[in-house]
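**Student:** One structure coming up, written as structure tokens, with questions to follow.
Every read-out reported here was derived from the displayed coordinates using simple, explicitly stated rules and does not represent laboratory data. The structure displayed is predicted, hence computed values, not measured ones. Counting neighbours? That spans all protein chains shown, and the Cβs are built from the backbone with ideal geometry, glycine included.
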Amino acid sequence: MTTQGLERVIAGERALEVEQVRKVFVRRDRKKGEKRTRFGRRKKEHVTALEGIDLRVSRGKVFGVLGPNGSGKSTLIRLVSTLLLPDAGAIRVFGHDIAKDPFAVKRMINRVSVDAAFFKKFSPIENLMYAARLYGLEAKQARAKMREIMKRLGLEEESFDQPMEHMSRGMQQKVAVARGFLTSPILLLLDEPTTGLDPHSKRDVQGFVREIRETHDATVLLTTHDMEEADRLCHQIAIIDRGRIVALDTPEGLKALVPSEDGAATTLEDVFIKLTGHEFEDEEASK
Amino acid sequence: MSRFVREMRGAYAFIERNVNLIKRYWGWELVWLIYSLTNALAITYIGNGMSAISGTEIDTQYVVTYLLVGALIWQYLSVIFYAISEMIAWERWEGTIEYTFMAPVSRPTHLVGTTLFAIGYGIVRTLVILGIVVAFFRLNLGGANIGGAVLILLGGSVSFVGLGILAAVLPLLYPERGAQMTNAVAAILLLISGVYYPVETLPTWLQTIASVSPATYVIRGMRACLLEGRPTIELLPTVFRLVGIGLAVIFAGLFVFRYVERYAKRSGRLKRSG
């Protein structure tokens, strides 16, 4: 891991602090030739998802996390979302510990994940109203705001009252993005938010992320498989592999780590392949 | 905005969501209503046919009313039990569990919203079934103590809210089969609580277990009100016992739920959907 990255953290209020976080899952998966206990149970297997993760994100910045599938990106997002508890280390959101004060953390965050999970028979309005009420928003204001965000994201007004199950994957993902923005979080957790979107929709979402950061002073933690997206949006990027940070720096700082070949400018994809030994397309294909 | 207002909005989210689920799955609701109705009718017809089965003259109307009270009260209590125990199962089925658990809404608020919906839904559903069933049988509730029956029912509702919370941890612990496990809990309560027969007909060891089931006291109290017309003052010990058991089970349920939620967050069980 490059140490310059940690040292270059922009001074200012810390939106997110992750200190020496470790997360291990216990699995009893079926495997050929697996060992069993005396009582016939499958033996436990310990899978380390994150090991000694350290990062700090300053307020108002977009922090990217890149990594192959299974590298621990989503586990990190789930930990910050209070959906998982770390086995070791600490995570603080604006000074509030996610394990000791989850309620305060929940009020400051929202998350958009790659799997647009909704009540599929509900309309976008019904789903968003459910989310709005859970976050204590006033119904009339919430209704106006959700319409505005969905229009801004390019959703047709006729689709607002249609069941989600009749919408395309891309449209569902846009509603998921609207749900994440609706509650005006000051820390927005974006777990591959543009996966499955067409290029135009991708631009809509990316533009909205920039806008919410600028107008609402929001901090963004973004995981993505889209290197251009990371390059375009992120102030800092951590590359993680097998649960460990292998590099952390600004996009330019990361590109400087890998010498250019054939005179062509180094891209983040070159850096990613060099540091993780993975082809990005392979990762996408294996999803 | 005060914390109270925010929490009330949170509680209303669960009421509105559940009402929307009924609207969107109305076909399933209809099937479930027909199932419950035919079940109540089938059980009550056993009473109608008792004279023919046994070959002796019996008070058919009393037996019919006895069975019908059991069928309707069980219908009401089981609706409350399932509506609360499914508060996690629905989120598992739809895949929204992570979003609900990530929201800044406390578990007691989650419970208040779900409970208010469950009681309202249980009353409406039971009244619909009662309205249809009375067309099939001649019931004589002339001397019944309706006010006492309502009191018993409210006390019983508190108990079943607690049992529902305890059962709701099953889908949290077992993503794939947890929801089905709650059926086993309901079936055991049905067996031991004297819903269709006096508890005294059970083996002694089952009677011992029946004595800790709140349903035993609800059913017994309801029959005392509706069949025997017992005055409310005589029913107060039963009401207090039901509320006492109910509060104890609710606090135990909340404690267990909190512990299991923490375990689910440690082990990563919130992620998997059933």
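**Student:** Which of the chymotrypsin sites (Phe, Trp or Tyr not before Pro) across the stretch B:213-274 are loop residues per DSSP, with 11 or fewer other Cβ within 10 Å?
**Tutor:** Passing sites in the stretch B:213-274 do not exist.
**Student:** Loop sites only, by DSSP: take the GluC sites (Glu not before Pro) in chain A that have at most 15 other C-beta atoms within 10 Å and name the longest stretch containing none of them.
**Tutor:** Result, exposed sites excluded: A:157-260.
**Student:** Related question: Label B:TRP26 and A:LYS100 with points 7 Å out from Cα along Cα→Cβ: what is the distance between them in nm?
**Tutor:** Result: 5.3 nm between the two label points.
**Student:** Sum up the charges of everything whose Cβ sits under 14 Å from the Cβ of A:ALA104, counting Lys and Arg as +1 and Asp and Glu as -1, but leave A:ALA104 out.
**Tutor:** Local net charge: +4.
**Student:** What share of Cα pairs, in percent, lie more than 16 angstrom apart in the stretch A:46-143?
**Tutor:** Every Cα pair in the stretch A:46-143 considered, those over 16 Å come to 66 percent.
**Student:** Here is a follow-up. Give the average, rounded to an integer, of partner chain Cβ atoms located within 10 angstrom of each Cβ in A:119-125.
**Tutor:** The per-residue average across the peptide is 4.
**Student:** Mean projection of the alpha-carbon convex hull of the stretch B:15-61 over all orientations, in nm²?
**Tutor:** Result: 4.5 nm².
**Student:** Which number comes out as Rg/Rh for the stretch B:70-188 once both Rg and the Kirkwood Rh are worked out on C-alpha atoms?
**Tutor:** A ratio of 1.05.
**Student:** While we're looking at this one, here's another question. For the stretch B:3-267, what is the charge dipole size about the Cα centre, in debye to the nearest 20, if Lys and Arg each add +1 at the Cβ and Asp and Glu each add -1 at the Cβ?
**Tutor:** 780 debye
**Student:** On to the next question. Quick one, can you get me the convex hull of the C-alpha atoms of chain A expressed as volume per residue in Å³?
**Tutor:** Value for chain A: 164 Å³ per residue.
**Student:** Which of the trypsin sites (Lys or Arg not before Pro) across the stretch A:233-265 are loop residues per DSSP, with 16 or fewer other Cβ within 10 Å?
**Tutor:** Qualifying residues, ordered by number: A:ARG242.
**Student:** On to the next question. Quote the relative contact order of chain A in percent (integer), defining contacts as alpha-carbon pairs under 8 Å separated by 6+ residues.
**Tutor:** 24 percent
**Student:** Let me know the Kirkwood hydrodynamic radius for the protein assembly as shown, please, with Cα pairs as the basis and the value in Å to one decimal.
**Tutor:** On the way: mean 1/r = 0.0377 Å⁻¹.
Over the protein assembly as shown, the inverse of the mean reciprocal pair distance is 26.5 Å.
**Student:** Once you average over the residues of A:101-109, how many Cβ atoms of partner chains fall within 10 Å of each Cβ?
**Tutor:** 2
**Student:** Then there's this: Looking only at A:PRO193, A:PRO68, A:PRO259, which one moves most when chain A is put into a Gaussian network model with springs between Cα atoms under 10 Å?
**Tutor:** Between A:PRO193, A:PRO68, A:PRO259, it is A:PRO259 that shows the largest mean-square fluctuation.
**Student:** Please determine, in degrees from 0 to 90 and to the nearest 10, the orientation of helix B:146-173 with respect to the longest principal axis defined by the Cα atoms of chain B, where the helix direction is its Cα long axis.
**Tutor:** Approximately 40 degrees, to the nearest ten.
**Student:** Now for a different question. Using the C-alpha atoms of the stretch B:3-267, what convex hull volume per residue, in cubic angstrom, is computed? Don't skip to the answer; put the middle values down first.
**Tutor:** Working: hull volume 39.1 nm³, N = 265.
So the per-residue hull volume is 148 Å³.
**Student:** Between 0 and 90 degrees, rounded to the nearest ten: what's the tilt of helix B:60-94 against the longest Cα principal axis of chain B?
**Tutor:** Relative to chain B, helix B:60-94 is tipped by roughly 10 degrees.
**Student:** Further question: Taking every pair of alpha-carbon atoms in the stretch B:186-274, what share in percent sits in each 10 Å bin, from 0 to the bin with the longest distance?
**Tutor:** 15, 32, 28, 17, 8, 1
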